[in-house]
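Structure record follows, encoded as structure tokens.
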Amino acid sequence: MQIKVLGSGCSKCRSTIGIIERTARDAGVEVEIVKVEDHDRIMAFGVHVTPAVVIEGRVVHSGGIPSHEAVQAWFKPAGVGFIEHATRHLFFTGKGGVGKTSLSTATALTLADAGKKVLLVSTDAASNLDEMLGIELHNTPVPVPGAPGLSVLNIDPDTAAESYRQRVLAQMGASATAEELSTVREQLSGACTTEIASFDEFSSLLADGAQDWDHVVFDTAPTGHTLRLLSLPKAWTGFLDGNDRGASCLGPHSGLKMQEARFQAALDALGDPAKTTVVVVTRPDRGAIEEAARTSVELRELGLDNQRLAINGVFHASDRSDAVACALEDLGQRAVEALPATLRALPQDRVPLRPFDTVGLPALRALLVPGVAPVALRAVAPAGETDPLPDLAALADQLAAAGHGLVMVMGKGGVGKTTIAAALAIGLVQRGKTVHLSTTDPAAHLSGTLDGDLPGLKVSRIDPKVETQRYIDKIMAARSPQLDAQEQALLLEDLQSPCTEEVAVFHAFSRIVSEGRSAFVVLDTAPTGHSMLLMDATGAYHRQMTREFEGHGGARIVTPLMRLQDAAYTRIILVTLPEVTPVSQAAALQDDLRRARIEPYAWVLNKSVLAAGTHDPLLQARLAGERKQIERMSSGLAQRLYALPWLPVPPIGLGELSKLVRAPLPAGALVPT
């Protein structure tokens, strides 16, 4: 344990260090005392009276010499606050890859082991709960073998949408004609129906559909899409209040009207601090923490005020001679010490990095227990030799040889898609290509990753709000000349449906995809599940256009799906991390793509500690698992496999990103100083 003592080195500071060392020795705890005497560094902690003591970025004492009892308390393992103070609903959210599924599952298991009846619910289309728990998930609760009291439920978007369609069609009654039923079913075929149907299932669990359980624990989709899900009921309530014409892209409005009370009850439950706790999950990483802060603010704006912060994967180097381990620890500590005020104000829990993957009940039970590892995972496998993998520079060379086309970077949330996409775009520009780098992820921040301008590189973002307004303006301009004032008002009212956003985003996506005919387009996509929904829309559009062009003789169309299926035009890059779950999810994504006749071009293994080199015991324990995953990918999953090592300096900015592709920046690059 590292403890910082802040002060000028006076007698009180020396006494404070002495009592810490004696108490730690008595408690059998190994500590490293770091003296901080620099005035500016002390002020950065918000400390005005010294001596002060900082542990894991948190000021635990300020002013005077701490008592023996106070120091003893620092060495006692703390309970996990979001479990000790668990409300009926526990809602885990955060950036992709921060460990929401691991923490939510371990929490549900801990509560069940304490005798509670617990329902664990996944709202993430790319959830890997089935692999973690070793069971097949359904849209109805499934008991977890070996965990009495725990059941798990997956809100499957397709199943939820079909159930919603059947309910709406049933309301139309026996008097509805086949043509009317067909028209409504067509109206209900879009991605917006899938989205609202998923919220319908979600809201029923918050309102009245989970009375048999003491706790309902939600494992949510990555941040941007969770915020979209939670904002839906307000959007639809406003739309329905102002629209009484009876039909929309969700079919007859009665299908939504009958759920309006449930939506409101769900919102009320989410905003009630006695019923719901939101656990904002992050890692000791600058990007993850910044997104957690934004998430916290946006959730407050939606009325979800009862929040806790969980910092997952906190690492402490046990071998101070290991440069990689020390850099990893220092990077995490500096990120945590710089917590924004909005997060610093929240009750906080910290979960240490573990030497094992959180797959299986023993590992999940051990995750939240300090100092405990599952018996089967204690031994560290002997290090073996692994041939080095080609790097991103080699991948950039391969891509550049095509001359132009679409490069889509895909994968689970949090694996580093934005970093890989930005680096490849820079690599292509340095190899003399014109590149448009864009993103479909609502939570992505390309400008922050690049932090500069590069000649030959255009950067954009498919902003749902901007694209929706652009689409509405386009439709109104095209149709208004044939409509009177009342008809124009009705058309505008229809276009203000929240469903319009899905259509607008698809049109923007299609427009950018087509640019690959004459230049390179590098697309940083949304996390897996939501990218697949966009793919579904692409497939639906392809089928519609194919039907419309049947019988047109020699007329030929090229749809976005056809471009994605063209291996000479599109190269799909799957990004993953060296862990069981991310690799399994990348494999599942690859299977989904292949079913759509889209073949991935290459895999990129990001943040490889093996490639970085380390002898720290905890990291060495994790390396055994990394070697297994590399062998798994190399022996059949990936046609081409490239690796990016874990980096002590985060690859942010044109300079750092260009190092990943071994491409020196040209004289025209504008890099902030």
(request) Sort 477-483, 642-648 for me by packing, meaning the mean count of neighbouring Cβ atoms within 10 Å per residue, highest on top. (result) 642-648, 477-483
(message) What distance in nm separates the two pseudo spin-label positions at A341 and S175, each 7 Å out from Cα along the beta-carbon direction?
(response) 6.2
(message) Out of the GluC sites (Glu not before Pro) in the range 8-94, which ones are loop residues according to DSSP with at most 14 other C-beta atoms within 10 Å?
(response) E30, E37
(request) Hey, can you grab everything whose amide H is under 5 Å from the amide H of Q2? Only 5+ residues off in sequence or another chain; H modelled, so Pro and N-termini drop out. (result) E32
(message) Full-extension gain between R41 and E599, please, as 0.36 nm times their residue separation minus the C-alpha to C-alpha distance.
(response) 195.7 nm
(request) Round to the nearest 0.05 the FRET efficiency obtained for A394 and D463 when R0 = 41 Å and r is the Cβ-Cβ distance. (result) 0.75
(message) From the phi angles alone, apply the Karplus equation (6.51, -1.76, 1.60; θ = phi - 60°) to the range 42-47 and give each ³J(HN,Hα) in whole Hz, x where the residue is Gly or Pro.
(response) 5, 5, 4, 7, x, 9
(request) Would you list, by chain and number, the lysines whose Cα falls below 16 Å from the Cα of K659, excluding same-chain residues fewer than 8 positions away? (result) K607
(request) Calculate, for A261 and E298, the FRET efficiency according to 1/(1 + (r/R0)^6) with r their C-beta to C-beta distance and R0 25 Å; round to the nearest 0.05. (result) 0.50
(request) Taking amide H positions as placed in the peptide plane 1.01 Å from N, state which residues far from A519 in sequence (5 or more) or on other chains have amide H under 5 Å from it. (result) G405
(request) Determine ³J(HN,Hα), in whole Hz, for all residues of the range 296-309 in sequence, where each value follows from phi through the Karplus function 6.51 cos²θ - 1.76 cosθ + 1.60 and θ = phi - 60°; x replaces Gly and Pro. (result) 4, 5, 5, 5, 4, 5, 8, x, 9, 9, 7, 10, 10, 10
(message) If R₀ is 35 angstrom, what is the calculated FRET efficiency for the pair E84 and Q496, using the beta carbon separation as r and rounding to 0.05?
(response) 0.15
(request) Go through the range 624-633 residue by residue and turn each phi into a ³J(HN,Hα) via Karplus (6.51, -1.76, 1.60, θ = phi - 60°); whole Hz please, and just put x for glycine and proline. (result) 4, x, 5, 4, 4, 6, 5, 4, 4, 5
(message) Test of understanding: what is the full-extension gain from M1 to S163, defined as 0.36 nm times their sequence separation minus their Cα-Cα distance?
(response) 53.0 nm
(message) Please compute the contact order of the range 2-74 in relative form: average sequence separation of alpha-carbon pairs under 8 Å and at least six residues apart, divided by the residue count, as a percent.
(response) 42
(request) Mind jotting down the distance between the C-alpha centroids of the range 436-498 and the range 97-129, whole Å? (result) 37
(request) Note down the nm distance, to one decimal, between modelled labels 7 Å out along Cα→Cβ at H138 and at S11. (result) 7.5
(message) Straight-line reach from K35: which aspartates and glutamates fall under 20 Å, measuring Cα to Cα and dropping same-chain residues less than 8 apart?
(response) E21, E56, D319, E329, D330, E337
(message) Going through the cross-link list K4/K412; K412/K433; K116/K412, which pairs have a Cα-Cα distance over 30 Å in this structure?
(response) K4/K412; K116/K412
(request) Would you mind checking which residues have amide H under 5 Å from G94's amide H? H placed 1.01 Å from N; only 5 or more apart, or other chain. (result) T223, V281
(request) Restricting things to alpha carbons, tell me how big the range 1-91 is in terms of Rg and Dmax, in Å. (result) 15.0, 50
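The numbers here are math on the coordinates, done by the rules we state, and not lab data. Here the structure is a predicted model, which means the values were calculated and not measured. Note that we place each Cβ from the backbone using ideal geometry, even for glycine, and neighbour counts take in every protein chain shown.
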